[in-house]
Each structure stands twice: as structure tokens, then as C-alpha cells.
1. Given a Förster distance of 22 Å, report the FRET efficiency between R54 and S148 from their Cβ-Cβ distance, rounded to the nearest 0.05.
2. Run the quick spin-label model on S116 and E335: label points 7 Å from Cα toward the beta carbon, then report their separation in nm to one decimal.
3. What spacing in nm lies between the two simple spin-label points modelled at L256 and D373, each 7 Å away from Cα in the Cβ direction?
4. Kindly rank 62-72, 352-362 from highest to lowest mean number of other beta carbons found within 10 Å of each residue.
5. Hey, if you drop one equal point scatterer on each alpha-carbon of segment 252-379 and run the Debye formula without solvent, what base-10 log of I(q)/I(0) do you get at q = 0.12 Å⁻¹?
6. With unit charges on the beta carbons (Lys and Arg positive, Asp and Glu negative) and the dipole taken about the Cα centre of the chain, which residue among A187, P8, V131 sits farthest to the positive side?
7. Between rounded, prolate and oblate, where does segment 277-345 land on the alpha carbon gyration tensor, with a ≥ b ≥ c its root eigenvalues, rounded for a/c under 1.5, else prolate if a/b exceeds b/c?
8. Show me 233-243, 270-280 ranked by packing, highest mean number of other Cβ atoms within 10 Å first.
Amino acid sequence: MTAPTVKPFYFDLSPDERDETLRLIREVLESGNLVLGPKVEAFEAEFARTIGVRHAIGVSSGTAALEMILRIKGVEGAAVAVPTNTNFATVAAVLHAGGRPVFLDMSRDTFMPSLSMLAEAHEREGLAGAVWVHIGGLISPDFAECVSFCREHGLFMIEDAAHAHGSRVSGGAAGSLADAGAFSFFATKVMTTLEGGMITTDDDELASLARSFRNQGKRGAAFGNDHLDLGNSCRLTEMAAAVGLVQLRKLDAMALHRQRACEYVCKRLEALDIGWCRFDHMERFSGYKLIVRTPEDHALSVSGIKDAMRERGVHPGGGVYDKPCHLQPVFAHLESPPGGLLVAEKWCPRHICPPVTSGTTPEDLNAITDALDVFLPSGRVGR
């Protein structure tokens, strides 16, 4: 029997759900209302209810969502803390909004910054606020303390929840835990509209301005020809919202499937004494990425480990992230903090993400756990 080929991407839409999606798209085409219509309104309302916030504003991408929130927060010329371990878009959004990114290092155990890193950056730089990334769908154990610190010191806190659809802790869902959240619906995410994003918030003024900013600075239901804000064209299409409505209905099920698949893989990692970024403090883990730290003394390089897994039919997903942002050429002009960002530089290149999705089958899980035998002690230097 041929072993399955396990890939890191799965578009989760059953035949019946494809039919439902096509029906909704047909309604859009027949209506002639292609943007800012009833599908977008319905999607926004359902997403807000799911996350547990008063407002959800559909936009063209997660990057646009971040940039709009930052513009509304008025970061021009201000220092904004961002983790160096994040996607290009997080840092770029700060720059596009006129802010000055202040890089934070990360913990080896969480792949995210800590409260002490945030406090030190504020004491040194005088921050206006922070963008916190729920990396891989993980919400850091001290995130509530970080939010409290920001509120005590008059700083804003924005959640970059691009990986965290469905992630929850005891305080609520990702996207509802701070001033505002930014979600991506890019094709590879836990749920997708193919392209698109969402801003979530309980702040009435921020929500009103976000609706204006996405639509060339026009306010009010009728819009008219008056441009009151320096906005942009960052609208979510009706067809994207149609896909999103179908995906959103199954978000809980997709996240639960991913979490259970990750838990299965983690049992094998524990048996092999391999570390990973834990999620047992969370009520729900989106499972976007299971972050596995490769042993420092392993005989194979990280690329060698990935190649060995591919030879077994298991294709690791993209990392989060293999090169920290402060080492990206486009950000070379930005300063790093005194002492550097040494944990990120060491561990970002030394992790893998097994290919766990909402479509992972029991056969896939067996293939993944078998492929993890590349980590057996016999494969390590000096053992």
C-alpha cells in the first residue's frame, strides 16, 4: 500500500458546501451588487457574533486591516512595538501608516514576545502602542497581562490575528481581547475568502472610521460624493463574503479538527523528547501552525530534516518564520534594540511545522508521526 502524500494546505469545502457557495455567488451576480452589499453585511454580522465583538468590518486583506487600524490610531511619527518574528505585513503596515517599528525579541517556548520585553521597549522608546501577533494561532499565556500593561500606560494594543481564527482563551476569542483585531482570509488561512480581511473591535468610533477608510473616506450609509477622510479602496467583495459565509459556519469544526490533529502529533513529539510551542493553556487552538523546535544537536540541518520528511511523503508547511523581520533586507534601515534579538535569530531558523490541516486524515496523522522518526536519538550528533 502506497503511503499518502501529506501536504500543508487544504481548501476545506465539501461538495454540498461548494454548491452552497456557488448559489450565493450566483445571487451576487444576478443582483449586480458586487461590493458593500448584503453578503458583506451578513458576513460582518456573523463574524462579529462569532468573535464576540460589536463590530466587524470587511476589508481587502489582513494587511489592509492592520494598516487602517494603525492609521486610525494616529501612529505617524510614533514608536510601535512589533515582534520581529512575524510576517512582513505586520511591520510594513506600521511603516505604511507612518509609524516607527520597534522590534521585540521572542521567547524560545512561545515564539512570541513577553510582558518584560514590552515593558523594556516602552521604557526605552516611549511607545504609542503595540501590535501583538498570535503566531501560528497561539495566544501567549501572558497576553492578558500585556493588554493590562498597555491600558495602564495609555498605549493601544492591536491583535494581529491572521493565524488565529477560532483561537480562544478564558478571556474570549482572538480578535476580542484588545483594542482591535486584524484577520486575514488569504487562501492558506484556517478559513478563507480567497483574498480578504476583517477588522474586529468594540470601539464604535474606530469601526465608523474603518468603514470610511476602506471606501475612499466616504461616511454614512448613502456615501455620496463627499470624501471626509483620507481613505483608500480596501473593500471586501460580495463574492468573497459569499465564500466567507460558508467557511465561517464551519470554523469551530475546522479549528477543533486542527487542534485534535495537533494533539495527536504532540504525543509523538513528547515520546521523542522534542519541544513545541504549547497550547494547553488555551480553550481552543486554531492549529494554523504547530511550531516544533528542532534539536540543536541533530545530525541533520533543518533543511535536511524537511527533505527527509518529504522523502516519506510528508511535506512540512511554511515556517512562522524562518527569518525574523529585522534580518529582512527591506527592513535593514530599522534599528534593533540594544543587545540584539538573539533568541529570534537562533530559533526562527530552527523550527518546522508539520502539515496539519482541517483535512488531515487518520492515515495522514500516521504518516506524519512516522516521519517524525527522523528525530530519533540515533539521528543526533554524539548519541
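1. Using R0 = 22 Å, I get an efficiency of 0.55.
2. For S116 paired with E335, the spin-label model returns 2.3 nm.
3. Simple spin-label model gives 3.3 nm for this pair.
4. Those peptides, ordered most packed to least, come out 62-72, 352-362.
5. Taken in order of the listed q values, log10 I(q)/I(0) reads -0.50.
6. Checked the options; the winner is P8.
7. The shape class here is oblate.
8. 233-243, 270-280
Here, each number is a calculation from the coordinates, and none is a lab measurement. Please read all numbers here as calculations on a predicted model, not as lab measurements. Note that we place each Cβ from the backbone using ideal geometry, even for glycine, and neighbour counts take in every protein chain shown.
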